[in-house]
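Structure record follows, encoded as structure tokens.
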Amino acid sequence: MLTRLLKHLSSPGWWARRAFRADDLAAIGAAVKASETKQRGEIRIAIEGPLPLRALLREESCRDRAASLFQSLGVAATREANGILVYVQLVDRRVEILADHGISALIPPGEWEAICRRMEAAFAAGNYRHGMVDAIERITALLTRHFPASGDNPNELDDAPTLL
């Protein structure tokens, strides 16, 4: 725990902005927007550098932090229970994808896990933009198969990534 605490406390808050430049964020937001015209899922991207002290002291895992953000970013409030959170924890070098129950009933957890590990590999190689856009494309393929777009497909969540 002490090593993780020191690692997060010594990482500057602007670190997330360094990995994802403004043009990268715009491309990611455009990929989310394009995805949501093909399927009914609502994709929300959250990118976090160091964790808040409270989360560190509670020893929150990456998955726990993602679950907390799933609620606070409104992903759990979509009308069809079709929200998906892609959470990137840069200091811990972990990615989590959480899907609301309307989607998780159709897509097995192993599918999300494979996308996460592929993103982590791309990020480890310094390919942040490509890793994220590739993940959005893979999520789109899954959702198009299991949750295709229909006549009424409102955009309920912000398409732009959130830097925390």
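Below are the figures for this structure:
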| quantity | calculated |
| --- | --- |
| Inter-residue pairs, beta-carbon under 9 Å, first basic (Lys, Arg) and in region 129-155, second in a strand (DSSP E or B), 6+ apart | 145/39 |
| Subset of region 108-140 [among the aliphatic types (A, V, I, L, M) and in contact with a strand residue (DSSP E or B) (Cβ under 9 Å, 6 or more places away or on another chain)] | 115, 119, 132, 135, 136, 139 |
| In region 77-108, residue surrounded by the fewest Cβ atoms within 10 Å (Cβ to Cβ) [restricted to those that are touching a Pro at 6+ places or on another chain (Cβ under 9 Å), hydrophobic (A, V, I, L, M, F, W, C) and not in a strand (DSSP E or B)] | 91 |
| Residue under evaluation residue 154, criteria (1) more than 12 Å from the chain's Cα centre (by Cα); (2) buried (at least 16 other Cβ atoms within 10 Å of the Cβ); (3) assigned to a loop (DSSP other than H, G, I, E, B), criterion not met | (2) |
| Residue among 43, 107 that is closer than 22 Å to residue 129 by Cα and not polar (S, T, N, Q) | 43 |
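Each reported figure results from applying straightforward, stated rules to the coordinates on display, with no laboratory input. Computed from a prediction, not measured in an experiment: that's the story for all the values here. Please note: Cβ atoms are built from the backbone with ideal geometry, for glycine as well, and neighbour counts cover all protein chains shown.
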